[in-house]
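See below for the structure under consideration.
The values are calculated or read from the model by the stated rules, or taken from the named source; none is laboratory data. Treat the numbers as computed from the prediction; the structure is a model and nothing was measured. Note that we place each Cβ from the backbone using ideal geometry, even for glycine, and neighbour counts take in every protein chain shown.
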Amino acid sequence: MNIHEYQGKAVLKEYGAPVSAGFPALSVAEAVEAAKKLPGPLYVVKSQIHAGGRGKGKFKELPADAKGGVRLAKSIEEVESHAKEMLGNTLVTLQTGPAGKQVNRLYIEDGSDIAKEFYLSALVDRETSRVAFVVSTEGGMDIEKVAHDTPEKIKTFSVDPATGIMPHHGRTVAKALGLSGDQAKQAASVLGQIYAAFVGKDMAMLEINPLIVTTQGQVKCLDAKVSFDSNSLYRHPELMALRDETEEDAKEIEASKYDLAYIALDGTIGCMVNGAGLAMATLDIIQLYGESPANFLDVGGGASEEKVTAAFKIITADPKVKGILVNIFGGIMKCDVIARGVIAAVKTVGLEVPLVVRLEGTNVEEGKEIIRNSGLNVIPADDLDDAAQKIVAAIKKA
């Protein structure tokens, strides 16, 4: 689960990390009031969307030479002007794709006099089962570009969970960033605070870009991009309250209500599969035969008829779907349950696109018999290769 920058900074502040003063705003009037609460005279008006690259982004509705989604303002009147331009408009960045995201929230922050900019992030290193840190002197830039062009400017290290942050970790960061004296101590302190927040809130990723040193010599987190491990959210109801459903795909939200693993994609063939590995193989083979999947959908090993029906409804609600492939290998999941769920869903929502069903495993004959006797126009398939070829051929013929 992702959250907005201002929410991420509030979490960091809980753990003592230094962040600038700021207030969220949902309207132009709230943006003006937020600016009045800040000392000024420099303010920063930040679009709040779940995507990076906001400063370099462009608004669809504004002229090409208009400023991006993060703007400086030298007066409250300028804050108001920026808020009017940004709220309700669609911001396109490298991470949003061409469709962009509508800006519904702003963050009005006190301006900072920046002397140096750095990059600092924490993430889970699955190879070592540890929290890993990425540090670079190239703050404010796309870290992917830095990694590609100047990898020597990136320092990485991991933290042993048995010890947590140790003094040598702080020294590693200070050396990598070229800091000494009081600033080195500040950086080490920030590192400990970030680690505590990361572990305490079950984060999956925390990116601060940039981490700055002000002209007054203060180390400060000027940005915060945070995502949490969704499997741990049951432990953190306070984090669930931060969820902004307007930033998520409506189909993914609906899928989460039924505990379905669903991710929307850009293709034309809707997929309903059990098991993540089989789902990935299904996506790959569809691509192999010249089409693209419209979604990743894993109904899991023990799905009920209700769950399967919900999954089918979610797939058919996508206007991009031109055909559907159901690929089930029954182990714990029984083929007859899948068959009943598909039939129930088709009778509820109708079937306007080709449907190919491949069943194998537990109760497969019962499942096939249920589908044969349903009277539905379903194309049976013998194996995955056969199923992929048939659904691709069907949508090209339709």
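Things worth noting here:
- Residues that are under 19 Å from Ile208 (Cα atoms) and of a type in the set (D, E, K, R) within the range 131-171 comprise Glu138, Asp142, Glu144, Lys145, Lys153, Lys155, Arg171, listed in sequence order.
- Flag for Ile194 being modelled with pLDDT of 95 or more, part of a helix (DSSP H, G or I) and surrounded by 16 or more Cβ atoms within 10 Å (Cβ to Cβ): yes
- The residue that is modelled with the lowest pLDDT, counting only those in the range 321-352 that are in a loop (DSSP other than H, G, I, E, B) and surrounded by 18 or more Cβ atoms within 10 Å (Cβ to Cβ), is Met333.
- Screening Asp284 with (1) free of Cβ contacts under 8 Å to residues at least 12 places away in the same chain; (2) among the charged types (D, E, K, R); (3) more than 20 Å from Ile328 (Cβ to Cβ) gives one miss only, at (3).
- Output for the range 31-66, where each listed residue is over 22 Å from Asp142 (Cα atoms) and in contact with a Pro (Cβ under 8 Å, 6 or more places away or on another chain): Ala34
- Any hit, the range 199-217, residues being of a type in the set (A, V, I, L, M), more than 27 Å from His50 (Cα to Cα) and either assigned to a helix (DSSP H, G or I) or modelled with pLDDT under 95 (or both): no
- Residue in the range 363-377 that is surrounded by 14 or more Cβ atoms within 10 Å (Cβ to Cβ) and touching a residue at least 60 places away in the same chain (Cβ under 8 Å) present: no
- Failed criterion for Ala83 (all others in (1) in contact with a strand residue (DSSP E or B) (Cβ under 8 Å, 6 or more places away or on another chain); (2) under 30 Å from Ala147 (Cα atoms) hold): (2)
- Of the residues making up the range 1-41, those that are closer than 16 Å to Ala83 by Cβ, assigned to a loop (DSSP other than H, G, I, E, B) and either without any contact (Cβ under 8 Å) to a residue 60 or more places away in the chain or of a type in the set (A, V, I, L, M, F, W, C) (or both) are Leu26, Leu38.
- Note on the range 249-278: among residues that are among the small types (Gly, Ala, Ser), part of a helix (DSSP H, G or I) and out of contact with any helix residue (DSSP H, G or I) (no Cβ under 7 Å at 6 or more places or on another chain), the one that is surrounded by the most Cβ atoms within 10 Å (Cβ to Cβ) is Ser256.
- When the range 306-320 is filtered for residues that are over 26 Å from the mean Cα position of the chain (by Cα) and modelled with pLDDT of 90 or more, nothing remains.
- Test: residue in the range 105-119 that is free of Cβ contacts under 8 Å to residues at least 60 places away in the same chain, under 30 Å from Asp160 (Cβ atoms) and in the same structural domain as Ala184 (by TED's automatic domain parsing): no
- Condition broken by Ala387, with the remaining ones in (1) in contact with a helix residue (DSSP H, G or I) (Cβ under 6 Å, 6 or more places away or on another chain); (2) more than 21 Å from Asp249 (Cβ to Cβ); (3) surrounded by 18 or more Cβ atoms within 10 Å (Cβ to Cβ) satisfied: (1)
- Pair list, Cβ < 6 Å and 6+ apart or interchain, from the range 318-333 residues that are within 16 Å of Thr268 (Cα to Cα) to residues that are hydrophobic (A, V, I, L, M, F, W, C) and surrounded by fewer than 20 Cβ atoms within 10 Å (Cβ to Cβ): Lys322/Val353; Lys322/Ile395; Gly323/Val353; Gly323/Ala394; Gly323/Ile395
- Subset of the range 28-56 [over 25 Å from the mean Cα position of the chain (by Cα) and small (Gly, Ala, Ser)]: Ala29, Ala31, Ala34, Ala35, Gly40
- Residue that is surrounded by the fewest Cβ atoms within 10 Å (Cβ to Cβ), among those in the range 222-248 that are touching a strand residue (DSSP E or B) at 6+ places or on another chain (Cβ under 8 Å) and among the acidic types (Asp, Glu): Asp229
- Among the residues of this structure, Glu5 does not count as one that is more than 29 Å from Ala261 (Cα to Cα), of a type in the set (Asp, Glu) and outside the structural domain of Lys225 (by TED's automatic domain parsing).
- Residues (over 17 Å from Ile315 (Cβ atoms), β-branched (Val, Ile, Thr) and in a loop (DSSP other than H, G, I, E, B)) located in the range 354-393: Thr362
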